[in-house]
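Chemist: Dropping a structure here in structure tokens format, bear with me for questions.
The values are calculated or read from the model by the stated rules, or taken from the named source; none is laboratory data. Just so it is clear, the model here is predicted, and its values are computed rather than measured. Please note: Cβ atoms are built from the backbone with ideal geometry, for glycine as well, and neighbour counts cover all protein chains shown. Keep in mind that these areas ignore ligands, DNA and RNA; they rest on the heavy atoms of the full protein, side chains included. Shrake-Rupley method; radii C 1.70, N 1.55, O 1.52, S 1.80 Å.
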Amino acid sequence: MGACMALCSLASCASCLCGSAPCLLCGCCPSSNNSTVTRLLFSFFLLLGTLVSVIMILPGMETQLRKIPGFCQGGTTIPGIENHVNCDVIVGYKSVYRMCFAMACFFFLFSAIMIRVKSSKDPRAAIQNGFWFFKFLILVGITVGAFFIPDGTFHDVWFYFGIVGSFMFILIQLILLIDFAHSWNEVWVRNAEEGNSKCWFSGLLFFTILHYALAFAAIVLFYLYYTKPDNCTEHKFFISFNLILCVIISVLSILPKVQDASPQSGLLQSSIITMYTMYVTWSAMTNNPNRECNPSLLSLVSNISTTEAMPTSSPGMVQWWDAQGIVGLVIFLFCTFYASIRSSSNAQVNRLMQTEEGKGTVGGEEVGKDGLRRRVVDNEEDGVTYNYSFFHFHLLLASLYIMMTLTNWYKPDTTTQAMQSTMPAVWVKISSSWLGLGLYLWTLVAPSGLLHGQCTY
């Protein structure tokens, strides 16, 4: 009898894995919408791939990875860099690139399939919201195949794909942070209007001051440790120019005309964007191959001269985990989770993220045709709450971003016999901060009509 019950349980689980997203929500979970559960599950696939990538670059894993037939045997199987890079160094780099290549292909496939899906009545919506076991098998199959791709020029080409994709994903991260700040400010202001206004407004003031204080402290540290009186001209320009831009957007956010058109705009959003801009600036400077302008965190903590602690050419040395990489991973995890559950009322952000206003709220239970209560509601019968294709494209870009983050934007360098950062990575990051600030500026001035000299509503 116990065996029969176990078989029945396995059969029900199997049918659930092959069914829709609502089937996967357990009874102890809160009620939710079909669109939210689907996005969370796809994000889980991305996070699972990220976890595998992290494991692949942990110390000691290179011994296991080298057991793959033809996968960097002795460091002599990579055309163009034979005997120049130690296999212990290159094998983690190759593994992360192949894992993220597989995830990018997986999400590109679904992005192409889901083009112009308008509602859950479209047959393709069933593929989007169900068949999770088969989706997992597809991802595993692509991953296995990726590890047998001949080296050739794969890494060089995919490196530039990673740079472009990461540039676009940094912009998406900034858009999500803008949306998060708007939602945060809107909720707290509404709570203040409903009661105990002193407490809520004090909270807004505290976090606004905290964010600006952290950003100001970062600027001071940047000038102290990432610039030199007679060197590091690029860093001086990056820090000063971004500081000026952040002051401009902070002033614009509190102009009366902007406040009249967008009452939810304010210094809280600007403080978050300022802090994120300082992070991107720091991340860009840590990719500068000039070690005099880019001291390691260990040398800063130990108060050791950068020239003594980190020579310009360190053959075979790769620091997979550094401070900016860890911070970048944390921000990536937050933005990925937030993108799965977000429901924004900001028209400009919704336009950029291809989502519908006010359709992402959590619904209650409903009773199906079989008389059973369902904890997940199909809220997309009349129209999708987010663009399926764009969501997968966003996850594709996230795969490329995590690839570059985990490898510190390194690229094999045959002249110095090391894996080093390059200046293109610096300019990609810093230019993304400028374009991101431009997008935030647009969300401020577009509703107010400042660009046209008059109000548009």
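Chemist: Does segment 114-133 contain any residue that is in a helix (DSSP H, G or I), of a type in the set (Phe, Trp, Tyr), open to solvent by less than 50 Å² (accessible area, probe 1.4 Å) and under 13 Å from His392 (Cα atoms)?
Modeler: The initial filter retains those residues of segment 114-133 that are in a helix (DSSP H, G or I), namely 123-129, 132-133.
Those left that are additionally of a type in the set (Phe, Trp, Tyr): 132-133.
Retained after the next criterion (residues that are open to solvent by less than 50 Å² (accessible area, probe 1.4 Å)): 132.
Add one more test, that the residue is under 13 Å from His392 (Cα atoms), and what stays is none.
Within segment 114-133 (the criterion being in a helix (DSSP H, G or I), of a type in the set (Phe, Trp, Tyr), open to solvent by less than 50 Å² (accessible area, probe 1.4 Å) and under 13 Å from His392 (Cα atoms)), the answer is no, since none of the residues qualifies.
Chemist: Further question: I need the full set of residues from segment 148-193 which are of a type in the set (Asp, Glu) and outside any helix (DSSP H, G or I), in order please. Write out each step before concluding.
Modeler: Filtering segment 148-193 down to residues of a type in the set (Asp, Glu) leaves 151, 156, 179, 186, 193.
The one that is of a type in the set (Asp, Glu) and outside any helix (DSSP H, G or I): Asp151.
Chemist: If we scan segment 232-253, do we find a residue that is in contact with a Gly (Cβ under 8 Å, 6 or more places away or on another chain) and at pLDDT 85 or above?
Modeler: yes
Chemist: Restricting to segment 210-228, count the residues that are within 26 Å of the chain's Cα centre (by Cα) and in a helix (DSSP H, G or I). Before you say what the answer is, go through the steps one by one.
Modeler: At the first step, the residues of segment 210-228 found to be within 26 Å of the chain's Cα centre (by Cα) are 210-219, 221-222, 226.
Retained after the next criterion (residues that are in a helix (DSSP H, G or I)): 210-219, 221-222.
Here the count works out to 12.
Chemist: Considering only segment 259-279, state which residues are aliphatic (A, V, I, L, M) and open to solvent by 10 Å² or more (accessible area, probe 1.4 Å).
Modeler: Residues of segment 259-279 that are aliphatic (A, V, I, L, M), as a first pass: 261, 267-268, 272-273, 275, 278.
Residues satisfying the conditions are Ala261, Leu267, Ile272, Met275.
Chemist: Out of curiosity, is Leu395 modelled with pLDDT of 80 or more and farther than 30 Å from Ser120 by Cα? Outline the logic, then answer.
Modeler: On the way: modelled with pLDDT of 80 or more: yes; farther than 30 Å from Ser120 by Cα: no.
Answer is no for this residue.
Chemist: Within segment 229-240, which residues are open to solvent by 20 Å² or more (accessible area, probe 1.4 Å) and either outside any helix (DSSP H, G or I) or touching a residue at least 24 places away in the same chain (Cβ under 8 Å) (or both)?
Modeler: In the first step, residues of segment 229-240 are kept if they are open to solvent by 20 Å² or more (accessible area, probe 1.4 Å); the result is 229-231, 233-234, 236-237, 240.
Matches in segment 229-240: Pro229, Asp230, Asn231, Glu234.
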